[in-house]
Amino acid sequence: KPQNTMTKPLLGILFLSLCSVLLPAQTPYIEFGVVSPDELKMQSCDFYPDAQAVVLGRTGYIQFINAKGWKFLLDVTERIKILGPEGKEEANVKIRRYSPVGSEARQTLEFLKGYSHNLVGGKAQKIALGKKDFFEARINDDWIETSFTFPNVQEGTVIEFQYRIMSDFLLNLSTWEFQDEIPVVFSHLQCVIPVQFNYQVIQLGTKVEMENEVGLADEYVWYEDKGSMEVKCRKMGMTARKVPPIEEEPYQANFVDLPKRVEFQLMSYTPPMGKTEFFANDYDAFNKKLWEDESFGNRLSDGNFAKNLVPGWEEKSSMEKATELLAALQEHFVWNGEIGFFSHSAGQNAFKNKTGSSADINLSLVAGFSALGLNAYPVVLSTRGSGVMHPDYPSFQRINYVVALVRIDGKDYFADATEDLPLGMLPPRCLNGSGWMVGSTGKLVEMKSSAFSTQVVSIHSSLENDSLKNHIQVQEKGLAGYASLSQYRTEGEEAFAKSLTRDLEDWSPSGFEVNEESKNGEIRYELITSKELEDAPLLYLSPIPLGSFGENPFSRPTRMSVIDFPCEMNYKVISKIESPEGYELELPVSEKIVLLDNAAVFSYFAAYDPETRSAQIRSEFSLKKTVFTPGQYEQLREFFGHMEKKNQEPVLLKKL
């Protein structure tokens, strides 16, 4: 019987039937240990000339065996060519396998070997990896990592390695990635799966042309008590050729979701002469498991410590109780930097320890809210960079964090006691797709629902003794305030003040002051900047020296990945420029541009008042949508490019 253990996430977009032949494909092959002269002499990648290294070939083979229960084997062979100095990093290899502490089910590394190949004096030289070159370490309660570095690697070296993993986890076979951070000449996966296992097979990631072959055949399967036996199997081969690399780009929240890859979800298992058992895991089963778990749901009734932290809590409103408890626990706890969503000590024990992981702290927060009579729930999620949660299939491997949700007067407020943030605000790492609210009945919740970033800048500019002075007032809220407060506390007043004008030439900051009312999630500050001006009949003044969105982050002509902003944004700059006697001002033209049915709006207004001899310029940018598809990229790039250019238009100061 297959192990009922969840191991890999699902993000399905394409279902491949395992019953019909799609396209015959010629199976690529790597003769391990034998490198051709052409591979040794190769100097560049023909389809990606800038590559510092290239995967010459990567093959995988998945098969099943029955040894004290069903298991699957994954055999991997990979060969890489080092082309440039930066490509030498590919000689450092890490292989992870899932082996949770306390579980009898595990993945084991059955064998591992490797060679490095060089041309020395015109002759091929091969160096084998030895046992002393392999290092194994447990990196957390779930994963073990084997690492090794190839010796004598230089430009021109070919490295190759081969290994086998045996796994008890059949709900999700190993994900196979056809794409990498370096180009791939070919990548091929072949699977031989006994017909009693019914898997949904899904291709994910960026658009890459694939060769697929699927059909039925009699194949030999090894049984511990019977030896090799012919079994009806589904056979599948998938190949990608000349695959460009995945590259990091701005506002790319989850790099792990980008590579072209295939994932497997076990839907059902039918034993010989037996009844079909279904394994399609859903969030209801996931919710029940967490709610009843000793290290999760059972920790939520241990929050009586909270009653001493909120004096007179019985007489206070729900909002008062929630805000006071959150502030008290933020002051009480010291986060040790570890993340997770299970905790053995959340509640009274964690409170006594005064330090712990995000799970220790935030599950204690949920327990404390509940002890005060509030409707509170834990919300598990995947942090930015760890991949998004699938709307239908939960995964213990992708979820890595937990926060609190408290319901007050019919409205939901997130809370995280690891950071000094107000009720309703989460740190940027949590703003990633959906999370799952765990309760007697759970549900998916949008993690960005209350996230925002606001900056309002007022600038008063005047000419004094051939010097332009700007008196600047700034108010930031939400993520903008959080970022500035963090920087101010980390770097100190002087460094923070200088950083505000570091991109402006010849500007000198002075008179910096942070408002005493600045608090978590909000900051107000003032500064004065000055710049010496030349004695010329025509001067060019920048009406918006700071405070706008800034440089267009989207410089590439095309993009293959989703654009994911962490939250809704609003930037506003109000600039007043006084014109001295003997001068006149010439202003930019007012305009307004709208992106994709109000997904983003930019407005620029400029007007001159002759009575006060002053000009007012107002620039405002509002982002109301946070996720854009690659198909919308060109419009997004043009919008940000136009906004950047407009905000840089000068005011002309002319002598009469």
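Listed by position, the strands (runs of 3 or more DSSP E) enclosed by segment 501-610 that each have at least 1 residues that are out of contact with any Asp or Glu (no Cβ under 6 Å at 6 or more places or on another chain), open to solvent by less than 90 Å² (accessible area, probe 1.4 Å) and of a type in the set (S, T, N, Q) are 508-514, 522-532, 568-578.
Picking from residues in segment 1-55 that are of a type in the set (A, V, I, L, M), within 14 Å of Gln265 (Cβ to Cβ) and open to solvent by 50 Å² or more (accessible area, probe 1.4 Å), the one that is modelled with the lowest pLDDT is Ile13. Here the condition is being surrounded by 21 or more Cβ atoms within 10 Å (Cβ to Cβ), on the phi < 0 side of the Ramachandran plot and assigned to a strand (DSSP E or B); of Ile159, Ile202, it holds for Ile159 alone.
Among the residues making up segment 112-128, a single one is closer than 18 Å to Arg164 by Cα and either at pLDDT below 95 or open to solvent by 80 Å² or more (accessible area, probe 1.4 Å) (or both): Lys113. Hey, any hits in segment 167-185 for a residue that's surrounded by 19 or more Cβ atoms within 10 Å (Cβ to Cβ) and more than 33 Å from the chain's Cα centre (by Cα)? No: zero hits. In segment 81-98, what residues are charged (D, E, K, R) and either in a helix (DSSP H, G or I) or without any contact (Cβ under 8 Å) to a residue 12 or more places away in the chain (or both)? Scanning segment 81-98 gives Glu86, Lys88, Glu89, Glu90. Evaluating Phe496 against the criteria (1) part of a helix (DSSP H, G or I); (2) open to solvent by 20 Å² or more (accessible area, probe 1.4 Å); (3) not small (Gly, Ala, Ser) leaves one unmet condition, (2).
In segment 224-239, which residue that is in a loop (DSSP other than H, G, I, E, B) and of a type in the set (Asp, Glu) is farthest from Arg261 (Cα to Cα)?
Initially, segment 224-239 is screened for residues in a loop (DSSP other than H, G, I, E, B), giving 224-226.
In the following step, the residues that additionally are of a type in the set (Asp, Glu) were identified as 224-225.
On the way: Glu224: 32, Asp225: 35 Å.
Applying the filter and picking the extreme gives Asp225.
Would you check if Pro100 is out of contact with any Gly (no Cβ under 9 Å at 6 or more places or on another chain), surrounded by 14 or more Cβ atoms within 10 Å (Cβ to Cβ) and under 30 Å from Cys233 (Cβ atoms)? For Pro100, the condition - out of contact with any Gly (no Cβ under 9 Å at 6 or more places or on another chain), surrounded by 14 or more Cβ atoms within 10 Å (Cβ to Cβ) and under 30 Å from Cys233 (Cβ atoms) - is met. Inclusion of Ala240 among residues that are surrounded by 18 or more Cβ atoms within 10 Å (Cβ to Cβ), farther than 22 Å from Leu170 by Cα, at pLDDT 95 or above and of a type outside the set (Ser, Thr, Tyr) is warranted.
Out of the residues in segment 138-150 that are over 20 Å from Lys81 (Cβ atoms) and in a strand (DSSP E or B), state the one that is most open to solvent (accessible area, probe 1.4 Å). The extreme case among them is Arg138. Looking at segment 313-325, can you tell me whether even one residue there is under 25 Å from the mean Cα position of the chain (by Cα) and modelled with pLDDT of 95 or more? No, the conditions are met nowhere in segment 313-325. Evaluating Phe278 against the criteria (1) of a type in the set (Phe, Trp, Tyr); (2) touching a residue at least 24 places away in the same chain (Cβ under 8 Å); (3) exposed (fewer than 15 other Cβ atoms within 10 Å of the Cβ) leaves one unmet condition, (2).
Within segment 397-413, residues that are over 19 Å from Glu324 (Cβ atoms) reach partners that are open to solvent by 50 Å² or more (accessible area, probe 1.4 Å) and not aliphatic (A, V, I, L, M) with beta carbons closer than 7 Å, at six or more positions or on different chains, in the pairs Gln397/Lys8.
Check segment 399-406 and report whether any residue there is at pLDDT below 95 and out of contact with any Lys or Arg (no Cβ under 6 Å at 6 or more places or on another chain). Scanning segment 399-406 turns up at least one residue that is at pLDDT below 95 and out of contact with any Lys or Arg (no Cβ under 6 Å at 6 or more places or on another chain).
Looking across segment 414-428, the residues that are under 18 Å from Gly356 (Cα atoms) and either open to solvent by 10 Å² or more (accessible area, probe 1.4 Å) or free of Cβ contacts under 8 Å to residues at least 60 places away in the same chain (or both) come down to Asp416, Thr418, Glu419, Asp420, Pro427.
With the condition kept exactly as written, say whether any residue in segment 188-210 is small (Gly, Ala, Ser) and in contact with a Ser or Thr (Cβ under 8 Å, 6 or more places away or on another chain).
Looking through segment 188-210, none of the residues is small (Gly, Ala, Ser) and in contact with a Ser or Thr (Cβ under 8 Å, 6 or more places away or on another chain).
For Ile246, the conditions (1) touching a residue at least 60 places away in the same chain (Cβ under 8 Å); (2) within 32 Å of the chain's Cα centre (by Cα); (3) open to solvent by less than 70 Å² (accessible area, probe 1.4 Å); (4) farther than 22 Å from Gly433 by Cβ are fulfilled apart from (4). When Phe135 is tested against the conditions (1) of a type in the set (A, V, I, L, M, F, W, C); (2) open to solvent by 40 Å² or more (accessible area, probe 1.4 Å); (3) more than 33 Å from the chain's Cα centre (by Cα), the lone failure is (3).
The values are calculated or read from the model by the stated rules, or taken from the named source; none is laboratory data. Model, not experiment: these values are computed from the prediction. Virtual Cβ from ideal backbone geometry, glycine too; neighbours counted across all protein chains shown. The accessibility values were calculated without ligands, DNA or RNA, using every heavy atom of the protein model including side chains. Shrake-Rupley method; radii C 1.70, N 1.55, O 1.52, S 1.80 Å.
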